[in-house]
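As structure tokens, the structure follows; a few thoughts come after it.
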Amino acid sequence: MKRFLIAFQFLTIIPLPFKVDCEARDLGRSTAVFPLVGLTIGALLAGLNWLITPWLARPLADALLIAALAAVTGALHLDGLADVCDGIAARGGRERFLEVMKDSRVGAVGVVGIVLGLLLKWQALLAVPAGIKMQALLFFPILARCAQVLAMTGARHARKEGLGAVFIQGTGNARLIAALTLTLAAAFLLPPLTGLAAYVVVILLTVALRGYFQRRLDGLTGDVVGCISELAEIAALTVISIRLT
């Protein structure tokens, strides 16, 4: 429970009515339950969808769901997406890439990255068949949080300081197996072929992106993990929207 609460505090901005003591080593250990936090986020989205769907046209309802997801997470991963886009646009070496990502200002390419990311996520959610929309809302945040754990496990950290380095150091194979197992079980919320297809695609995408950034930066940062999470959400919803059954 403590690890869940630590992960919940980190991955959302929802305040807890009590204080949870946390040491640096607890952060890495909490990654095993990242998918459970994803399930909690998904449940919030599903509940909101149940409330607003009878009153609003689907395009507007889905836009509000994407906005709610960004709000609940404090746009933490969107910030990572923007920083990575700016880093890639800088067209420099490793040090230049890291310097640009560390800059608190968001450049034009970062803004474009956020806009395109939100647009793609919204359109992918809009394309999900109505009959499995609630299940999709529960599942895709789980899958994206599992992608974070997969990206960090066994990775090098590009910076010695920062929360990203702490999480990467504390994430291990046992936590990854727990996250993958929880997420695989959750895949059966959807029709088996659809859920398993999304699971496999996101895992392959995450491995490919981790490999790219490890070559480019000689490791990962928190921004990179956030970027991977955003791309995983888009990929998951895109696959779920395909009528495989």
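So the values come out like this:
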quantity	calculated
Protection proxy ranking of 231-237, 38-44, 209-215, 2-8 - average other beta-carbon atoms within 10 Å, highest first	231-237, 38-44, 2-8, 209-215
Förster radius 35 Å - calculated FRET efficiency between ALA68 and ARG216, Cβ distance, rounded to 0.05	0.60
Theoretical ellipticity at 222 nm over the chain - DSSP helices of four or more residues, -39500 (n - 2.57) apiece, nearest 500	-24000 deg cm²/dmol
Gain in span if fully extended, ASP103 to ALA57, counting 0.36 nm per residue against the direct Cα distance	12.6 nm
Per-selection Kirkwood Rh - segment 22-105 (Cα, Å, 1 d.p.)	15.7 Å
Proximal lysine pairs, the chain, alpha carbons under 30 Å, eight or more residues apart or interchain	7
Amide H contacts of LEU220 (H built 1.01 Å from N, under 5 Å, at least 5 apart or other chain)	ARG156, HIS157, ALA158
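FYI, it's all coordinate maths here, none of it is from the lab. Please read these numbers as outputs of a predicted model, since none were measured by experiment. All Cβ positions, glycine included, derive from the backbone under ideal geometry; neighbour counts span all protein chains shown.
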